[in-house]
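This report refers to the structure that appears directly beneath it.
The values are calculated or read from the model by the stated rules, or taken from the named source; none is laboratory data. Nothing here was measured: the structure is a model prediction, and the numbers come from that model. Cβ atoms come from the backbone with ideal geometry, glycine included; neighbour counts cover every protein chain shown. The protein model used for the area step is the full one, side chains on, heavy atoms only, and it has no ligands, DNA or RNA in it. Shrake-Rupley method; radii C 1.70, N 1.55, O 1.52, S 1.80 Å.
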Amino acid sequence: MNLVIMGPPGVGKGTQSHLILEKRKLIHISTGDILRMAIRSGSDLGKKVQAVMNSGDLVSDDLMMELIKDRLSQDDVQNGWLLDGFPRTPKQAEGLVEILDGIGIGIDAILVLRAPAEEIIRRLAGRITCRACNEVMNLIGLGGVSPVFCPFCGESKDPKRSKPALYQRADDKEETVRHRLEVFRKKTLPAAWILEDRYPLHEIDGNGRPGEVTQRIESVL
Ligand code: AMP
């Protein structure tokens, strides 16, 4: 099974992706995670994309196409994948269709998660990530107080850089989030409509508890 999950930042794509993956033997391909890993490794790719990501803009289509073409050709993804964060522009959507046609495979479902902008800003203002285990959590769910230790892996410091383990992503600041929402509306939604011409697309209400959203997703899969 090949799935694509799309939606504005903070709508719950990451959470829902993990729940979908738990049930199915699919490989998670998150372009945001791949780029963040490149930044942390200090690679040339990482250096190129760091400023773009922090500003909330999109990394160039050419670079992203190269990255996804390479990832989709690797052995571990041949039995099915969940694509998270790609495509993000009409050019990427057209490129993806071309790659998949070339391999001779399709997409079983495109899930487009939606939620109002103000709800998204409220959620992202409280989102924190652990540098040690990469787990994402929300201060709203943790009673509003940032813990010293990561509740998932127990780390208080990033093992590599002796910074606090828990941090807010630079691109989760309110102003940047508003910009990312605008980018989603202008560039990523049109990408979804391009895919809809070829594959089944389902719009999913992303409001409510994660379990409720999962049920909505499961009912269309
Ligand atoms: P995400 O974790 O999916 O929200 O991605 C974080 C950031 O990585 C985005 O705001 C972009 O700067 C960059 N990024 C991730 N995926 C893509 C993509 N498909 N095209 C362009 N930029 C991307």
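Evaluated against (1) more than 14 Å from the ligand (Cβ to nearest atom); (2) open to solvent by 20 Å² or more (accessible area, probe 1.4 Å); (3) not aliphatic (A, V, I, L, M), residue 130 falls short on exactly one condition, (2).
Suppose we filter 45, 21, 3 for residues that are more than 8 Å from the ligand (Cβ to nearest atom), assigned to a strand (DSSP E or B) and buried (at least 16 other Cβ atoms within 10 Å of the Cβ); which single one remains? It is 3.
Please determine whether any residue of region 194-216 is outside the structural domain of residue 92 (by TED's automatic domain parsing), open to solvent by less than 70 Å² (accessible area, probe 1.4 Å), more than 16 Å from the ligand (Cβ to nearest atom) and in contact (Cβ under 8 Å) with a residue 24 or more places away in the chain. No, that holds for no residue.
Being more than 13 Å from the ligand (Cβ to nearest atom) and surrounded by fewer than 18 Cβ atoms within 10 Å (Cβ to Cβ) is not true of residue 69. Scanning region 35-45 for any residue that is over 18 Å from residue 170 (Cβ atoms) and free of Cβ contacts under 8 Å to residues at least 12 places away in the same chain turns up at least one such residue. Scanning region 112-170 for residues that are small (Gly, Ala, Ser) and in contact with a helix residue (DSSP H, G or I) (Cβ under 7 Å, 6 or more places away or on another chain) yields 117, 125, 170.
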